[in-house]
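Remarks on the structure that follows.
The values are calculated or read from the model by the stated rules, or taken from the named source; none is laboratory data. Nothing here was measured: the structure is a model prediction, and the numbers come from that model. Cβ placement follows ideal geometry from the backbone for every residue including glycine, while neighbour counts extend to all protein chains displayed. Surface areas here come from the heavy atoms of the whole protein model, side chains and all, with no ligands, DNA or RNA. Shrake-Rupley method; radii C 1.70, N 1.55, O 1.52, S 1.80 Å.
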Amino acid sequence: MKVQEIREKFSSYFQNKGHEKVPSSPLVPINDDTLLFANAGMNQFKDFFTGKAKSSYQRAVTIQKVVRAGGKHNDLENVGMTARHHTFFEMLGNFSFGDYFKEEAIEMAWDFLTKELGISEDRLYVTVHLSDDEAFKIWEDKIGIPKEKIFRKGDKDNFWEMGDVGPCGPCSEIFYDHGESYATPNFKPNKNQDLLDDELRYVEIWNLVFMQYEKDGKGGQVSLPNPSIDTGMGLERVAAVLQGKYWNYDTDAFTPIIREIEKETGKSYDDSKFQTPMRVVADHIRSCTMLITDGVIPSNEGRGYVLRRIIRRAIRHLKELDAPEGTFSKLSVVVLNELGEEYPQNKANQSLAEKFLSLEEKKFLETLDMGLKFLEESLKSNVKDNIFNGKAAFKLYDTYGFPLDLTQLILSEKNILVDDQGFDEAMMERKEDSRKSWKGSLNLDDRVFHQSKEKSGETIFVGYESLTTESTLKDIINIDEQTFGLTFDKTPFYAEGGGQAGDQGVIKFNGKSYHIFDTQKPVDGLFVHFVNSKEGLEVEKVVKLEVDQKQRNQTARNHSATHLLQSALIKVLGDHVKQSGSMVNSDRLRFDFTHMQALSIKEIEQVENLVNIEIQKANDVIASQTTMDQAMKKGALALFGEKYGDNVRVLEMGDFSTELCGGTHVKNTGEIGLFSIISESSLSSGVRRIEATTSDNAIKRYRERSNILKTLELLTSSGQNSIATKIESLHEEIKRNQKEITLLKNELTSKDSQDLFSNPEKLNDKVSYKYANVQDGSDLRKLSDLFMDKYPTGVVLLTMEKGDKVAVLLRSGKKSGIPCNEILKETLPILGGRGGGRPDMAQGSGDTGDLGKFLEKTKELLNKHL
């Protein structure tokens, strides 16, 4: 039975049992900061289990995308080495939210496996939690499983939890017996292990979790209001059972990818020495493709770093297979051909996966050979007691892009361990060196804001409808001696979020005005208004709040233009364009997006023109509240990584732009007036940035540029149509003149050097030495070249004074053995300076005060090294 048929059978079976088919949630968890990636089918239903949210259905069935490559559930290290560990897999699940419980869940699972899929009962075994007598009796009495095939296990095996916080409960697992031929050699059950602990022979295929509790993150747990069911069955594992395979990689979930790898490399999967690398690549291309098409961008932190680690592990294995460059990105097409039917949103982003994987592969291959060479060299001096130096491992990471686990993998093949602690220490040193202060102004423990919210309640936002309102002051939070945070029961002030800056404005109370210079939402639901004075303000008094209308309107124009900009970029560049960040205030907008190279002048013009055409159309901007599913059906663009609830706000601008957005916007695109791109630049690998402005600011920009053009026309005595040619001509003339000046300077320097370097002092029979203090503006390197041409085995010390500062260059023959860099390192502190360089040439600078002492010490060290 093929994997697609298994998906269809599973969905149909539970839909016929009254379950709602719910699409898979993205791999980037929604509304859950506790998870790196979606690691189970129940993630999207977490609030239903805890009672925080109520579902419109009591039963659900899903086929969930899952990645386990970081955090508590992490299978990365085992991939390719075992038959059934994967970074990406599909989880078939059925769920009950306070509806059915243990008995019906067990009955349906057994019925589906034995009747729908036709798996022999003789091959199936089950486990229950050691305290769960109820589940044991259901299996024995209702299902008819012999009690010798039911095993009781402790928390480690049969108590499921998502993490340190969240729903949890005892579980019952169903195991499949692959047969005696796969048994672990010499395995024997005893008091510490039972039959099912032979993990080579017996494989868990379905886990039935009885959700009864919720962990509080402090080591405790509370009972859930409505006991629920969460089940998970690995599609790849059950496919192996139904297709008569032991290794999941031998099922049709992987074979199309492996066939393509064989085709690209000319190697055979049947050759045992190629099986592990092919399995690793086949697994990793699935997770990489699905992560990128769900919006994770390769980077050096967070989810992006985990993705980059997986990509680089795969590329290293492809190199072992002698795969041609570009192979990894080609494999993503095969992945989406297989998975696209079940996950159409991922299929729609196929071009994004191809482009990013191609870019990442090219970048890593550029440094991979150098890194491997460095590693081989490092093994000679950085291994002690079979442990590789952690700092050397960090250099591989920092300089050559080798993730730690890749270094560990390569060295494990040589039976060498890595000093993880040393690596971590080097990483911390680097973080300290490069640490920058947080861009926000709040250095306060956010507990004060949580306390304020508990005391005052959530803030009601009325800023979509009005810019002024009367409101009750609920709390005054002391930030520092001159800054105070105010909370109100309701507010028209937009708090910074979604890339849009917080509103500014005034509070009016008892004849006084207080300037609000920023509005933030440090904890969800609490709007904090920042002021520099609280004198005269009283909690529980009614005040008048007024948003700065001019600033809000200009911000709204820039924000709406950002939506038009994204749609224009997609139309001009392709559907791989995805928003990866933005900033909108009253002055300008900044938009970060996925794209692999700089935009051409023509592309920038096309984008700018498209946005201005939509502005001129003067389409009404329609804001509506709807469900996430309905928004997606409308084709609404969502920001990757953004957290959206079940109900979302959709902004539509004609048929040109439809996006999810909670920000403030114009009522009609015509209000934007004019759109002007200021700059386009690189933000990071594969991410570009556009800065632009609108309305009055755009007009002001064009006016300023027009004035500059008029000035240049006057200076060059040319008109608008000929000024570019004129400036280009002048530029070429300047370049020719500069070249002539350089040649003349070199001639003069050469002539001066004949006098400058005449009659050098002899340090010994072979080494000539010359010290010279040259004129300000001289080229020290050029002068040293001239000296070395004349005295190849000599030493020259040059100084050049400018005010109370002095530049220094020390140079020697390459075979002289004189370490110029070490000598200057010791002598420059005499001048209060520092420098560096190579053994044959070093430079530095300092103060002129002790120049005589410096010269004396330098010469002393030169003689010492002869």
Task: Dipole-positive endmost among PHE101, VAL296, LEU824 within the chain (Cβ charges, Cα centre) - done: LEU824
Task: Long-range HN-HN contacts of ASN668 with modeled amide H, under 5 Å - done: VAL621
Task: Distant-in-sequence amide H partners of LYS578 (H built 1.01 Å from N, under 5 Å) - done: THR594
Task: Under the Karplus curve 6.51 cos²θ - 1.76 cosθ + 1.60, θ = phi - 60°, whole-Hz ³J(HN,Hα) for segment 647-661, x wherever Gly or Pro sits - done: 9, 10, 9, 10, 10, 10, 10, x, 9, 8, 9, 9, 9, 7, 6
- [ ] Among SER24, LEU92, ILE138, flag the residue with its Cα farthest along the positive direction of the charge dipole of segment 23-139, charges on Cβ as +1 for Lys/Arg and -1 for Asp/Glu.
- [x] SER24
Task: Low-density loop cleavage sites - trypsin sites (Lys or Arg not before Pro) in segment 155-207, where at most 12 other Cβ are within 10 Å (DSSP) - done: LYS191
Open item on the list: With θ taken as phi - 60° and the coefficients 6.51, -1.76 and 1.60, list the Karplus ³J(HN,Hα) couplings across segment 737-743 in order, rounded to whole Hz; mark glycine and proline as x.
Closed with: 5, 5, 5, 5, 4, 4, 4
Task: Cα centroid of segment 213-233 to Cα centroid of segment 518-549, whole Å - done: 39 Å
Open item on the list: Can you pull out the GluC sites (Glu not before Pro) in segment 252-315 whose DSSP state is coil and whose Cβ has at most 16 other Cβ atoms within 10 Å?
Closed with: GLU301
Task: Residues with amide H under 5 Å from that of PHE388, placed H, sequence gap 5 or more - done: LEU417, VAL418, ASP419
Task: Cα-Cα over 22 Å, subset of LYS395/LYS578; LYS102/LYS188; LYS267/LYS319; LYS65/LYS521; LYS380/LYS864; LYS521/LYS700 - done: LYS395/LYS578; LYS102/LYS188; LYS65/LYS521; LYS380/LYS864; LYS521/LYS700
Task: Gyration tensor (alpha-carbon) shape descriptor, segment 122-186, a/c threshold 1.5 - done: oblate
TODO: Check each of the trypsin sites (Lys or Arg not before Pro) in segment 657-703 and keep only those in coil by DSSP with at most 15 other C-beta atoms within 10 angstrom; list them in order.
DONE: LYS667
TODO: Find the relative contact order for segment 740-866 and round it to a whole percent, using C-alpha pairs within less than 8 Å whose residues are 6+ positions apart.
DONE: 18 percent
Open item on the list: Quick check on segment 769-866: take the gyration tensor over C-alpha atoms, sort the square-rooted eigenvalues as a ≥ b ≥ c, and tell me if it's rounded (a/c under 1.5), prolate or oblate.
Closed with: oblate
TODO: Divide by every residue of the chain the summed helix terms, -39500 (n - 2.57) for each DSSP H run of at least 4, and state the resulting mean residue ellipticity at 222 nm, rounded to the nearest 500 deg cm²/dmol.
DONE: -12000 deg cm²/dmol
Task: Options (1) 53; (2) 49; (3) 41 - which one matches percent of Cα pairs over 42 Å apart as calculated here - done: (1)
Open item on the list: Charges on Cβ only, +1 for Lys and Arg, -1 for Asp and Glu, centred on the Cα centroid of segment 633-739; of SER706, ILE677, SER722, which one is farthest towards the dipole's positive end?
Closed with: SER722
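Apply 1/(1 + (r/R0)^6) to the Cβ-Cβ distance of GLU761 and GLN738, taking R0 = 41 Å, and write down the FRET efficiency to the nearest 0.05.
Taking R0 as 41 Å, the efficiency between GLU761 and GLN738 is 0.65.
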- [ ] Specify whether the C-alpha gyration tensor of segment 449-547 places it in the rounded, prolate or oblate class, a ≥ b ≥ c being the square roots of the eigenvalues: rounded for a/c under 1.5, otherwise prolate if a/b is larger than b/c and oblate if not.
- [x] rounded
- [ ] Give, as a single signed number, the net charge of other residues whose beta carbon lies under 11 Å from the beta carbon of LYS805, with Lys and Arg counted +1 and Asp and Glu -1.
- [x] -3
Task: For the chain, size of Cβ-based charge dipole, Lys and Arg +1, Asp and Glu -1, in debye - done: 2400 debye
- [ ] For segment 478-494, take each phi angle, set θ = phi - 60°, evaluate the Karplus expression 6.51 cos²θ - 1.76 cosθ + 1.60, and give the result in whole Hz per residue in order, putting x for glycine and proline.
- [x] 7, 8, 8, 5, 10, 10, 9, x, 10, 10, 10, 6, 8, 7, x, 7, 6
Task: Average accessible surface area per residue within the chain, 1.4 Å rolling probe, Å² - done: 49 Å²
